[in-house]
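Structure below; questions to follow.
Throughout, read-outs are computed from the coordinates displayed, never taken from laboratory work. Everything quoted here is computed from the prediction, not taken from an experiment. Cβ sites come from the backbone with ideal geometry, for glycine too, and all protein chains shown count toward neighbours.
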Amino acid sequence: MVRVLHVLGGLGLGGAESRIMDLYRNMDRSKVQFDFLVHMDPGEYARAIADGVEPASYRKPQYFDEEILSMGGHIYAVPRFRVYNLFYYRKAIDAFFREHHEFSVVQGHMTSTASIFLPIAARYREASAAPELAMVTVAHTRNAGVDRGLKGILVRIVRHSLPRKADYLFACSHLAGDKSFGGAPYTYIPNTIDTGRFTYDPSAREIIRDRYGIASDAIVIGNVARFSPQKNQSFLIKAFAGMREKEREVKLLLCGEGALRSECEQLAADLGVAHRVIFAGSQSEIEKFYAAMDIFAFPSIYEGLPGVVVEAQAAGCKCLISDTITPDVIILDNAEMCPISEGPELWSKRLGKMVGDLIIAQDESAGNEPAGSDVSAIDADRMRYAKDMEAAGFDVHEQAKRIMKFYLDPCADTIPGTPTGE
């Protein structure tokens, strides 16, 4: 069995984590097994080392832990990198790879620190349990932008050194690859989803709307993301508040958690729309929430290739996406871009137009529906998008087959995707 180590910040319900878990579920685990190296509180890590126990045992369990362990994966931990603890971080990484030689592939999804841990992993490749596979390192960028300030400057500098420090470069979008790897060749591997899971389900729509007291004919604008400056929910709330009133009820449904949630709740109250904004928190069955939405609005400041936008398109939502995101994410005919540089006012107008069009479509569908029909014309149209997404090449089942070939023989140039940047 080939073991692949994925290096991540954590195992919470995030975009990168969800995409890796989608692949994991669809791997032939008799041939390829995933393990995970995550980052934990440096103080707790030091306490575990002092007590002589596996550091991961002192880490607070996260969303995907139980599922990973049930599928035969292992979870390891090193201290979170804080810049000032560079020496301590390198020492912890070195100690880990000195002890663990069982990995044929080490795939780093944190381009901020991959330039540190990938060269250390490569140093121990000769001790690999599978020397015939010549353990390789992969830097996999999943974001095109960086945070503002000193942290962003440092990340931008260190990730441009990755072409010299990794055997292979993967990117989830062309924009992410171009910005992360400074013109070096990389392989474009788009984020994929389980398209069947996101097929529009009218019964799920009813369940979620009943749960939150949303009328069946109301128009729901939704968003799925952690509450952070990058995801820009405050912009969306302002745009929602600026929309002109419609003859139909319009709600804003926000799914996710994060440091800025309470700030966004206060903003909704200050703008007088708190009674029309639903903060639903993180949701494991997110496909049901897409079904409850009519419009998916995503004014993120930067991304790689956001899986939630792929999911929303597959679920048949009308999608309005910021123009700062890679155009690779506009896959089907139900998605369009809108500038965020011109402020929330433009988004208010665009969203208002989309709401108006949906109201007209609802009225026309109700007037033309044949007697005894179980599925409305609108519902039937939404159901086709998951199949369209699969046909466009964004289904995880096929990507799992392709990437498994790479994991089984990474030196055979069987890299899944499109070589880009040459």
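Is the C-alpha gyration tensor of the range 186-326 telling us rounded, prolate or oblate? Criteria: a/c under 1.5 is rounded; beyond that, a/b larger than b/c is prolate, otherwise oblate.
Verdict is oblate for the range 186-326.
Work from the charge dipole of the chain (Cβ charges, +1 for Lys and Arg, -1 for Asp and Glu, about the Cα centre) and give the residue of F235, G182, S348 farthest towards its positive end.
G182
Length gain on complete extension for the stretch Q283 to A380, per 0.36 nm per residue less the alpha carbon to alpha carbon distance?
32.4 nm
What size of dipole, in debye to the nearest 20, comes out for the range 196-391 about its Cα centre when the only charges are +1 on Lys and Arg C-beta atoms and -1 on Asp and Glu C-beta atoms?
Using only the charged Cβ atoms, the result is roughly 440 debye.
Where Lys and Arg each count +1 and Asp and Glu each count -1, what net charge lies around H6 among other residues with Cβ under 13 Å from its Cβ?
0
Could you work out which residue, out of G108, G258, G242, moves most in a Gaussian network model of the chain, that is, has the largest mean-square fluctuation with Cα springs under 10 Å?
Evaluated over the chain, the most mobile residue of the options is G258.
Would you list, by chain and number, the lysines whose Cα falls below 22 Å from the Cα of K405, excluding same-chain residues fewer than 8 positions away?
Straight-line reach from K405, under 22 Å: K31.
If eta is 1.002 mPa s and T is 20 °C, what Stokes-Einstein diffusion coefficient results for the range 1-60, Kirkwood Rh from Cα pairs, in µm²/s?
165
What does the charge count near T192 come to, summing +1 for each Lys or Arg and -1 for each Asp or Glu among other residues with Cβ under 9 Å from its Cβ? Mind showing how you got there, number by number?
Values: positive: R19; negative: D22, D194, D395, E398.
Spelling it out: positives minus negatives among the neighbours equals -3.
Based on the mean of other Cβ atoms within 10 Å per residue, sort peptides 2-12, 305-315, 38-48 so the most packed one is first.
Per-residue Cβ counts within 10 Å, averaged per peptide and sorted highest first, yield 305-315, 2-12, 38-48.
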